[in-house]
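Accompanying notes for the structure given below.
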Amino acid sequence: MDWKWFFIYPEQGIATVNEIAFPANTPVYFKVTSNSVMNSFFIPRLGSQIYAMAGMQTRLHLIANEPGTYDGISASYSGPGFSGMKFKAIATKDRAEFDQWVAKAKQSPNTMNDMAAFEKVAMPSEYNKVEYFSSVKPDLFKDVINKFMDHGKSMDMTQPEGEHSSHEGMEGMDMSHAESANSKG
C-alpha cells in the first residue's frame, strides 16, 4: 500500500495498519506482497529484509529474542510517502500478552470484510496512524495477489506445425531438442 503497512492475521481473523505484534521467542512467518509498487519490508533489529512485489508472494522468517518494540521500515524508495512508511513491531513478553493485544484489535469497529473495504484503506496516503480491523475477509492476501494476475491467459510459445524458429544468439541455451515450451497443468 502507498504508504503504509497492512498486516493480516489469518488465524486470529484480524488485520492492522502500521503495527504488528507477536510473542517474543516465537518464530514468525511472514508472507509478503505489494498492492502497488515494489517495497522492501525490513525490521533492522530482527533480521533480514525482503522485497514486496505486486502479484507475487515472498516469505520471511524472523524472531525477536526478547520483548520490546522494534522499528519497521520500507528500505526501498517507493514514492513521495516513502519517508513516513514506518511501523512498530511489538514482541510481547508471552502468549498471554499477545492474546490481550489481539483482544484489543477485536474491539475495533473497523472491519475488512471485502475488497471494497481493502481498496478504501489502500488509497495512497502518508504518515498513517495505527489502525485495527476486528475482522478480515478470508483469503484477502490471495485476493490482493490475484488482482494483478491475468487469469485465463497464458503465453503460447509453440510454433505452428512445420515452422522452425532459429536458436541463433541463444548462447548457453541448448533448445535443439526441446519439443515445446507450452506447459499445461
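The values are calculated or read from the model by the stated rules, or taken from the named source; none is laboratory data. Since the structure is predicted, the reported quantities are computational estimates derived from the model, not experimental observations. We place every Cβ from the backbone using ideal geometry, glycine too, and count neighbours over all the protein chains shown.
Quick notes
- Summed over segment 40-95, the residues that are without any contact (Cβ under 8 Å) to a residue 24 or more places away in the chain, in contact with a Lys or Arg (Cβ under 8 Å, 6 or more places away or on another chain) and either farther than 19 Å from PRO27 by Cα or surrounded by fewer than 17 Cβ atoms within 10 Å (Cβ to Cβ) (or both) give a count of 1.
- Filtering segment 75-127 to residues that are in contact with a strand residue (DSSP E or B) (Cβ under 8 Å, 6 or more places away or on another chain), polar (S, T, N, Q) and closer than 25 Å to LYS142 by Cβ leaves SER76, SER78, SER108, ASN110, THR111, ASN113.
- Among the residues making up segment 119-145, those that are modelled with pLDDT of 95 or more and polar (S, T, N, Q) are SER134, SER135.
- Scope segment 66-91; condition aromatic (Phe, Trp, Tyr) and out of contact with any Gly (no Cβ under 6 Å at 6 or more places or on another chain); matching residues: TYR70, TYR77, PHE82
- Members of segment 82-102 found to be of a type in the set (Val, Ile, Thr) and under 13 Å from THR69 (Cα atoms), listed by number: ILE90, THR92
- A count restricted to segment 63-87 and to residues that are over 15 Å from the mean Cα position of the chain (by Cα) and among the aliphatic types (A, V, I, L, M) stands at 2.
- Qualifying position, being at pLDDT 90 or above, over 26 Å from ASN146 (Cβ atoms) and touching a Gly at 6+ places or on another chain (Cβ under 6 Å), among ILE43, ILE63: ILE43
- Residues of segment 13-39 satisfying the condition of being among the hydroxyl-bearing types (Ser, Thr, Tyr), out of contact with any Lys or Arg (no Cβ under 9 Å at 6 or more places or on another chain) and modelled with pLDDT of 90 or more: THR16
- Filtering segment 108-131 to residues that are more than 17 Å from the chain's Cα centre (by Cα), closer than 18 Å to TRP3 by Cα and among the small types (Gly, Ala, Ser) leaves ALA117, SER125.
- Test result for ILE20, touching a residue at least 12 places away in the same chain (Cβ under 8 Å), surrounded by fewer than 18 Cβ atoms within 10 Å (Cβ to Cβ) and in contact with a Gly (Cβ under 9 Å, 6 or more places away or on another chain): no
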